[in-house]
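Undergrad: Have a look at this one before I ask anything.
Nothing in this text is a laboratory measurement; each read-out follows from the coordinates by a stated rule. It should be emphasised that the depicted structure is a prediction, and the values quoted were computed from it without experimental measurement. Note: ideal-geometry Cβ built from the backbone for every residue, glycine included; neighbour counts use all protein chains shown.
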Amino acid sequence: MDSTAIIGTTNTKGQVITDPRVMMNDAPRTPSFFTGSEVIKEAVRRANVDVMVAYPITPQSEAAALCGELFAEGYIGDYFRGESEFAVMSQCAGAAFGGARVFTTTAGPGTMRAMENFPMWAGSRLPIQCIVTCRGINSPLSIQPDTIEIAYLMNTGMLVWHAETAQDFYDWILKGYMVSEEPDVHLPLALCCDGFFVTHTKDVVDLTPVDMCLPPYDPYRSPVPCMDMECPPVRMMRDPFVMKSNYISYATHASWQQEVWAAAERSRKHTIAWLNGLIETEDVDADILIVSSGTAVSQGREAIRLLADEGIRVGLVKIKTLRPWPEEELLEATKHASHIIVPEFNVIGWLAKEIKATIPNSKRVVAGPRVCGGMTLPPEVIVEEVKKAIGIRSGVLAGRGG
Amino acid sequence: MSLNYVKFTPGFDTFMPKEYRDMVEHGPFGKKTTVSQMGSFKEILEEHPMCAGCAMTLFIRLAIIAFPNPEDTITVGTAGCGRLAISQAAIPFVYGNYGDQNGVASGLSRGLRIRFGDKHKDVVVMAGDGGTADIGFQQVLHSWFRKERFTTIMLDNEVYGNTGGQESGMTTRGAVLKMAPLGKKFEKMDMVAMAKIAGCAYIATVVPNNPRRVESCIKKAVLIAREVGPTYIQAYTSCNIEYAIPTDQVMEDAKTVEDDRYKFAEYVSEDAKAYLAERYGYKEFIQKPVAAVATA
């Protein structure tokens, strides 16, 4: 199918199928005051989604239900509630195997329950988009914001992006399909945000016109056969490799896993074009840098403002994509820094570990401040961490330890 | 599938592998082949790595021959012996994760319906007793309760054969197997009853030693699943290795088990009967005209 031939035609809802670059970059934007969940709905409304499968888990339940309203309005081809996150992700896989554009959402324990599916999606080259509104993982039970699940997602072979704001979320849902459906990528995308902070707060988001939508997914641009029996019949396998303990079976599995990760690397060029780079920087000539992702970046911005008031100059690196990992970009952005502060919303500090493994002289990296279990991350805590790193004594913040 | 695909590009026929030539010239695509013609045409499932004397393989071959439209059929499965054979068939086989075949099939069936509208794409799940009744139980039952329109076939060898002979929910009570060192403590699960409760439109229990019956059941199940609702076939497909059945007695064993706990039974819902009669001309389901009621 010539995918350019449908540009300018309308879908069943009368939306004009628009060149995605025109829609995202040139079309007029309307400022709208929405919650993050509503923003998800508005992005999906314009994404020409064929199938969405929903399941309740805080804090993504509202977004998943709002997409049900889109289905009722006719903007999504099919929509239903699955019976668990593992089932939902399997149902998503089936629809994608059949050539549909698929959307779903999950969070925290749901992400963990679904986990068996994510490497399978990547290995099967299914360009499903899964919104992950991060929250704490049990136990003890917590529904509060915490990004620890991203640490697991980063090793699945999926693309993993981490949105800071509702505006990121809106744009990246639409741009995400454009990247993950590229034939040389064709991988699922985990589009993460910090639950509640993004999903349940209202923000002004500039929306693209409601009468424009993305071109539909073309499953015949997939690097692997679509399971729709529209391709010539072939025996897809002789002697299933799974049963063989020999070099050729190991080599087959090994080369495919390498190919999946290579595909994630190949997404780099598309992602740079769509997101205007894998990272965003401000004043990286400064001696001190705050490097982070998600809403910790917003808190970092506030901390930088407070520190500037005291005459302390601090630069900022916002990491947008965790997979592909912006290695070259970080090497360049951090080359002048003596102190690299990495604030995070999780107990293990997965981002600091990744950064330490990337840059020379990793002793520059301060793996914190870290909060978890739903605690907020006041800018003052980041300010204190910066001061500690550069040897300025400051009062201990009440209740937060020394 | 456009049957034009099952043709050679002019000039290429002599260069195609014999395997492919046979499939084009003697395969079942676009033809009405039956189990009684076995041996006279190229089967969709031919070579396989299954054990000698495996009744499951015979059943899978029969089932695939019975598909009403193999050129528009996609199979879905999970871990187990059956997968090793089905994945070598000349039609697509989707393997997702352990026990999620009915979830994958739900999504696949819906995705294909969105893309192809009224053109039928048959989705058929074939999974073992462990995959269906144990690890996949939740997704199997929910796909039935949701009235997902595809066929589920349980290849019931009453044991985890592929992993070396462990007890499954479908093992009969008392059987001594791995992980049941003192014998299984509870009854064989009644999945047929559960299929009924969950609202399957067609349910049948079969053994492989009656090929025409297998063919008839599979055909009905696949046709009904197109529009009426979920269908379920439970087939006894013995594991001659784990149950130490001599190869030459596999069919005798199937007969014995058929007489004991696998008697042929078929349930067809009223909607399914009407559908088969009206849409596919099944004479046995055509409703006889009701005798005129005498007026007073």
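Undergrad: Quick check: the angle from helix A:85-97's long axis to the longest principal axis of chain A, C-alpha only, nearest 10 degrees?
TA: The two axes meet at around 50 degrees.
Undergrad: Go ahead and run the numbers for FRET between residue A:201 and residue B:98, Cβ-Cβ distance against an R0 of 41 Å, rounding to 0.05.
TA: Once the sixth-power term is evaluated, E becomes 0.60.
Undergrad: With angles folded into 0 to 90 degrees, how steeply does helix A:166-180 sit against the dominant principal axis of chain A? Use alpha carbons for both and round to 10.
TA: Helix A:166-180 sits at roughly 40 degrees to that axis.
Undergrad: Expressed as a rounded percentage, what relative contact order does chain A have, with Cα pairs under 8 Å and six or more residues apart?
TA: Relative CO of chain A lands at 17 percent.
Undergrad: Filter the cross-link list B:219/B:255; B:7/B:147; A:356/A:387; B:32/B:273; B:42/B:219; B:7/B:283 down to pairs whose alpha-carbon distance in this structure exceeds 26 Å.
TA: The pairs that break the limit, which is 26 Å between Cα atoms, are B:7/B:147; B:7/B:283.
Undergrad: Report the gain in length on full extension from residue B:256 to residue B:176: 0.36 nm times residue separation, minus Cα-Cα distance, nm rounded to one decimal.
TA: That works out to 26.9 nm of additional length.
Undergrad: Hey, another quick one. Pop the C-beta distance of residue B:278 and residue B:116 into the FRET formula with R0 = 22 Å and round what comes out to the nearest 0.05.
TA: 0.50
Undergrad: Moving on to the next point. Just tell me how shielded A:95-104 is by partners: mean number of partner chain Cβ atoms within 10 Å of each residue's Cβ, no decimals.
TA: The shielding value for this peptide is 6.
Undergrad: Under 14 Å Cα to Cα from residue B:288, which aspartates and glutamates show up? Leave out anything in the same chain fewer than 8 places away.
TA: Candidates past the 8-residue exclusion: B:270, B:278.
Undergrad: Please report how far the C-alpha centroid of segment B:189-219 lies from that of segment B:230-292, rounded to the nearest whole angstrom.
TA: Their Cα centres are 5 Å away from one another.
Undergrad: Looking at the square roots a ≥ b ≥ c of the eigenvalues of the Cα gyration tensor of chain B, which shape do they give, rounded for a/c under 1.5, prolate if a/b is larger than b/c, or oblate?
TA: Here chain B falls in the oblate category.
Undergrad: For labels at residue A:327 and residue B:14 in the simple 7 Å Cα→Cβ model, what's the distance in nm?
TA: Going from the residue A:327 label point to the residue B:14 one covers 5.1 nm.
Undergrad: Same structure again: For segment A:118-247, build the charge dipole from Cβ charges (+1 Lys, Arg; -1 Asp, Glu) around the Cα centre, then report which of A:199, A:246, A:215 sits farthest towards its positive end.
TA: A:246
Undergrad: If packing is taken as the average number of other Cβ atoms within 10 Å across a peptide's residues, how do B:82-88, B:96-102, B:254-260, A:138-144 rank, most packed first?
TA: Ranking the peptides B:82-88, B:96-102, B:254-260, A:138-144 by packing returns B:96-102, B:82-88, B:254-260, A:138-144.
Undergrad: Using label points projected 7 Å from each Cα along Cα→Cβ, tell me how many nm separate residue B:265 and residue A:26, to one decimal.
TA: 6.7 nm
Undergrad: Between residue A:69 and residue A:155, what length in nm is gained on full extension when 0.36 nm per residue of separation is reduced by their alpha carbon distance?
TA: 27.6 nm is the gain from fully extending residue A:69 to residue A:155.
Undergrad: Same structure again: Sort B:226, A:266 so that the residue with the fewest other Cβ atoms within 10 Å of its own Cβ comes first and the one with the most comes last.
TA: A:266, B:226
Undergrad: Considering only DSSP states other than H, G, I, E and B, which GluC sites (Glu not before Pro) in segment A:304-376 qualify as loop sites with at most 15 other Cβ atoms within 10 Å?
TA: Counting only loop positions with at most 15 other Cβ atoms within 10 Å, the GluC sites (Glu not before Pro) in segment A:304-376 are A:310.
Undergrad: Can you sort B:273, B:147 so the residue with the fewest Cβ neighbours within 10 Å comes first?
TA: Result, fewest neighbours first: B:147, B:273.
Undergrad: Still on this structure, please answer the following. What nm distance separates the two modelled labels at residue B:26 and residue A:13, each placed 7 Å from Cα along Cα→Cβ?
TA: 5.4 nm
Undergrad: Taking 45 Å as R0, compute the FRET efficiency from the Cβ-Cβ separation of residue A:33 and residue A:142 and round it to 0.05.
TA: So, using R0 = 45 Å, E works out to roughly 0.95.
Undergrad: Compute the relative contact order of segment B:1-159 as a whole-number percentage, counting only Cα pairs closer than 8 Å that sit 6 or more residues apart in sequence.
TA: Dividing the mean separation by the residue count of segment B:1-159 yields 20 percent.
Undergrad: Which of B:276, B:182 has the fewest other C-beta atoms within 10 Å, and how do the rest follow up to the most?
TA: The most exposed by this proxy come first: B:182, B:276.
Undergrad: So how far, in whole Å, is the C-alpha centre of segment A:24-67 from the one of segment B:1-67?
TA: Each part reduced to its Cα centre gives a spacing of 46 Å.
Undergrad: Relative to the longest principal axis of chain A, what angle (0 to 90°, nearest 10) does the C-alpha long axis of helix A:61-73 take?
TA: Helix A:61-73 and the main axis of chain A meet at about 40 degrees.
Undergrad: Can you give the extra length, in nm with one decimal, that the chain gains between residue A:287 and residue A:265 once fully stretched, where that is 0.36 nm per residue apart less the Cα-Cα distance?
TA: Between residue A:287 and residue A:265, full extension yields 4.9 nm more.
Undergrad: Which one of A:63, A:254, A:87 has the biggest mean-square fluctuation once chain A is modelled by GNM with Cα springs under 10 Å?
TA: In the Gaussian network model the winner is A:254.
Undergrad: List the relative contact order of segment B:38-285 as a percent without decimals, with contacts defined as Cα pairs under 8 Å and 6+ residues apart.
TA: Across segment B:38-285, relative contact order equals 20 percent.
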